[in-house]
Amino acid sequence: MPIRTLDEYLKQVKYATTKQLATKLKYVIIGFYKETEFQETLIGKIPKEWSITKLRNVAKINESKVNIANLEGKVARIPMELIPDDGIYTKYVLMPINEIKSYITAKAGDILLAKITPSFENGKQGIVPDDVPHGIALVTTEVYPITPINIERLFLFYLLKWRRYRKLLEWKMTGTTGRRRVPKNALENLLIPLPPLSEQWGIAEVLSTVDRAIEKTEKLIERLERLKKALMQELLTKGIGHKKYKQTSIGKIPKEWKVVKLKDVAKIETHSIIPKPGVKYYYIGLEDIESDSGRILKSKEMLTDGAEIKSTKYIFTTKHVLYGKLRPYLNKVALPPRDGICSTDILPILPNTTLILREYLAYVLRHKRFVIYATARMKGTNHPRVNPKDILIYEFPLPPIEEQQEIVNILISIDRWIELEKKRKEKLKRLKKGLMNLLLTGRIRVKVVRQDVFTTSSR
């Protein structure tokens, strides 16, 4: 039986299922349609077939402690940092029982919802994996473990993840600034829409399909980034296809290469300017450079009026490499797409292109070896920086220009692949946001039948 609409169920793309989601399906999605008949309720318009209820009627919020003294082996511990900002399932660590102090108990399958302001605003929410030892996890007291009872678990998960309900709960927070929390009674009395159980499953299945695609893309990005780091280590120290090496002051390098200091092949240019009101500038601050990748988070068309740019800035051109000297472990190195001005925490470095390619220099500055070198030499407590003089005396192996170009071509191909996957991930996240607004309001309905009915009718 073919799928109908909602872009033929996202073009019938099938994604790998995570371990936790690998269960036998109870239902089958057979189509979608646009709802036309709604009813007015306390939470706005919902389909006539839906009802509303309080969260406490379909789920239980647990804040108790199970006695773990008699448990054998290690137990799963889920601190706040292991609850995802995005995604479905939490991670956990195994800890000896005698090392665990403050905690509350969550069961396998419980939804964990952060109650404190910072984590809640970041969307900290996840489901306890089904494979936790003893069927329980010990979690921070700053979350609510929620056990679904008369509601599909993933449907409730997405409702609570939906921006509408996150904002609603945020408004109900109490306490002093910086330590505000969602009261338990506010969560229990939260009014939520309640479609039929089969449709709850269908809505959750569509949204989790996208989440699984996001998860798959994230894992690919992680693998590509590991590959890039390994390639950088290999290519920037051993090159391509060399058999003869020589011992130098910085270790063994290919025989045809030489050891240079940065000042031998480039110079730091700090020509300053005071931005003028009424003049438009392409301005790059440290926050505009993505760590590790060097991606500039501001398009070349985004110009800023000089009145909005405070204090003295440095001038750069498309011939420069931009290096962030503040907190060098952040690894902020960028190739600007146009001329402009930058923060004085960014050093414009001009390579001598007869000796070193601009792109190759950028990879040298992103290389783990240089990051460690610069981080060890940073000075200052609140705003630690590396001294430009220390940057200039950094020693590294340098291949001939032709081999530099070969190395750059390999690394750029990986960078472009990573960038494509990151764009795909952002597109999927936008898709998920749009689907939540359509499906959780009932504007688009999901047609679902039981698996046995579908199997019989398909024969």
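Every read-out reported here was derived from the displayed coordinates using simple, explicitly stated rules and does not represent laboratory data. Remember, it's a predicted structure, so these values are computed and weren't measured experimentally. Note that each Cβ is placed from the backbone with ideal geometry, even for glycine, and that neighbours are counted across all protein chains shown.
Worth pointing out:
- Signed unit charges on C-beta, dipole axis of the chain, positive-most listed residue Ala114, Leu438, Ile61: Ala114
- All lysines inside 18 Å of Lys276 as judged from Cα atoms, apart from same-chain residues fewer than 8 positions distant: Lys310, Lys313
- Span from the segment 405-432 Cα centroid across to the segment 278-354 one, whole angstrom: 21 Å
- Extension gain (nm, one decimal) between Lys368 and Glu218, 0.36 nm per residue minus Cα-Cα: 51.8 nm
- Prolate/oblate/rounded label for segment 258-398 (Cα gyration tensor, a/c 1.5): prolate
- Sites Lys101 and Glu287, calculated FRET efficiency, Cβ-Cβ separation with R0 30 Å, nearest 0.05: 0.20
- Which labelled figure in (1) 16; (2) 38; (3) 13 is percent of Cα pairs over 41 Å apart, once derived from the coordinates: (2)
- Normalising the average separation of contacting C-alpha pairs (under 8 angstrom, six or more residues apart) by the number of residues puts the relative contact order of the chain at 18 percent.
- GluC sites (Glu not before Pro) within segment 240-319: DSSP coil, no more than 13 neighbouring Cβ in 10 Å: Glu256, Glu301
- Other-chain or far-sequence residues with amide H under 5 Å of Ile46's (modelled H): Gln39, Thr41
- Counted over segment 258-398, the DSSP beta bridges are approximately 90% antiparallel.
- Counting only Cβ charges, +1 for Lys and Arg and -1 for Asp and Glu, the dipole size of the chain around its Cα centre is about 320 debye.
- In loop segments of segment 213-284 as defined by DSSP, the trypsin sites (Lys or Arg not before Pro) with at most 16 further C-beta atoms inside 10 Å of their C-beta are Lys243, Lys244, Lys255.
- Pairwise FRET efficiency - Lys423 versus Asn150, Cβ, R0 = 56 Å, nearest 0.05: 0.85
- Projecting the Cα atoms of Ile30, Val408, His320 onto the charge dipole of the chain, computed from C-beta unit charges around the Cα centre, puts His320 farthest toward the positive end.
- Leu347 long-range amide H proximity, modeled H, under 5 Å: Tyr323, Gly324, Lys325
- With contributions of -39500 (n - 2.57) from each DSSP H run of at least four residues, the per-residue ellipticity at 222 nm computed over the chain stands at -10500 deg cm²/dmol.
- Placing +1 on the Cβ of every Lys and Arg and -1 on the Cβ of every Asp and Glu, with no other charges, gives segment 258-398 a dipole of roughly 360 debye about its Cα centre.
- Within straight-line cross-link reach of Lys244, aspartates and glutamates at Cα separation under 19 Å, skipping those fewer than 8 residues along the same chain: Glu234, Glu256, Glu402, Glu403, Glu406
- Three-way shape label, segment 179-230, alpha-carbon gyration tensor, a/c 1.5: oblate
- In this structure, the amide hydrogen of Met302, modeled 1.01 Å from its nitrogen in the peptide plane, lies closer than 5 angstrom to no residue at least 5 positions away or on a different chain.
- Estimated inter-spin distance, Lys252 and Val93, nm [label 7 Å along Cα→Cβ]: 3.7 nm
- Positive-end ranking of Met232, Val265, Tyr103 along the dipole of the chain, with charges on Cβ about the Cα centre, is headed by Val265.
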